[in-house]
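The values are calculated or read from the model by the stated rules, or taken from the named source; none is laboratory data. These numbers were taken from a predicted model, which means no experiment stands behind them. Methodologically, a virtual Cβ is constructed for each residue, glycine included, from the backbone with ideal geometry; neighbour enumeration extends over all protein chains shown. Only protein heavy atoms, including side chains, enter the accessible area calculation; ligands, DNA and RNA are left aside. Shrake-Rupley method; radii C 1.70, N 1.55, O 1.52, S 1.80 Å.
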Amino acid sequence: MIVKQTTLQQLPADLDSARLPKHVAVIMDGNGRWAKRQGLPRIMGHRRGVDSLKDLLRCCKDWGICALTAYAFSSENWGRPLDEVNFLMTLFERVLRQELQEMMAENVKIRFVGNLQALPESLQAEISRSMTETRNNQGIEFTVATNYGARQEIVHACRAIAEKVQQGLITPEQIDESMFARHLYTAEQADPDLLIRTSGEMRLSNFLLWQVAYAELYVTNTLWPDFNRQEFHQALLAYQKRDRRFGKV
Ligand code: FPP
């Protein structure tokens, strides 16, 4: 496993370990722009993006963060040039195959969320193998949103609940927030406390719309392939300065 950052392996002294986010979500944006700035094809940005993601996962583990969710491919990303889409699908598959042993050694529990049935079959097979093999791991929970769209996820949950009502299994009055959340792809997972977006865009881009209701948002101008432990450190410092009131005073 290539690790770009060897410094900052311990939690930096200016961070309070008791007030770290339990769950961090990340919108990894700016791979294409990074590549363009280096005079490289866009796909090189995605390749470097994988290194940033691996380092962030390791950093979360080193610093005691329990869960990381990354937006790898949105339902809208199919609209990209076919070559790029094919490259990404092959990249996901290859990375999964290459990293499974390491994830087992590091006790990572990986899961994928999104409309996985629409992915190439060979990728679906790797996804299912990695989820099955790591399912009993007790370390960091690593969720990869692939062919994911929050609106689609919400509609999917509504349909599942409507079917249960139609079958007489539940009544409309029994539907509440916690039941609804249990029908999302992220059922049984705690909501993210911190959502990081790189490349300066101030958008959620159809990512975890339900789950980030009370997440703290942190946007950095850094492009995803340049996102490193120092950047993550800054994001956590900003998070620890926030006063999380959850609508109370
Ligand atoms: C956004 O940058 C990035 C993506 C759509 C792909 C992100 C995927 C990875 C980093 C690989 C992750 C791998 C695994 C196995 C989970 P962009 O292309 O939209 O950049 P731009 O806005 O500068 O064009």
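Here are the numbers for this structure:
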quantity	calculated
ALA160 being open to solvent by less than 70 Å² (accessible area, probe 1.4 Å), more than 19 Å from PHE207 (Cα to Cα) and more than 16 Å from the ligand (Cβ to nearest atom)	yes
Condition met for ASN221 (open to solvent by 30 Å² or more (accessible area, probe 1.4 Å), polar (S, T, N, Q) and in contact (Cβ under 8 Å) with a residue 60 or more places away in the chain)	no
Residue in segment 57-66 that is at pLDDT 95 or above, basic (Lys, Arg) and open to solvent by less than 60 Å² (accessible area, probe 1.4 Å) present	yes
Sole residue being more than 7 Å from the ligand (Cβ to nearest atom) and without any contact (Cβ under 8 Å) to a residue 24 or more places away in the chain, chosen from ARG47, ARG80	ARG80
Filtered residues of segment 50-75 (kept if near the ligand (Cβ under 8 Å from one of its atoms) and within 23 Å of THR186 (Cα to Cα))	VAL50, LEU53, ALA70, TYR71, ALA72, PHE73, SER74
Residue list for segment 8-44, restricted to those being touching a residue at least 12 places away in the same chain (Cβ under 8 Å), of a type in the set (A, V, I, L, M, F, W, C) and assigned to a loop (DSSP other than H, G, I, E, B)	LEU8, LEU11, LEU15, LEU20, MET28
Residue satisfying condition, being under 20 Å from LEU57 (Cβ atoms), near the ligand (Cβ under 10 Å from one of its atoms) and either over 16 Å from the mean Cα position of the chain (by Cα) or part of a helix (DSSP H, G or I) (or both), within set LEU88, LEU100	LEU88
Candidates GLY168, GLY139 - the one that is under 17 Å from the mean Cα position of the chain (by Cα), in a loop (DSSP other than H, G, I, E, B) and not aliphatic (A, V, I, L, M)	GLY139
Only one of GLU216, GLU231, GLU177 that is away from the ligand (no atom under 16 Å from the Cβ) and within 28 Å of LEU11 (Cβ to Cβ)	GLU216
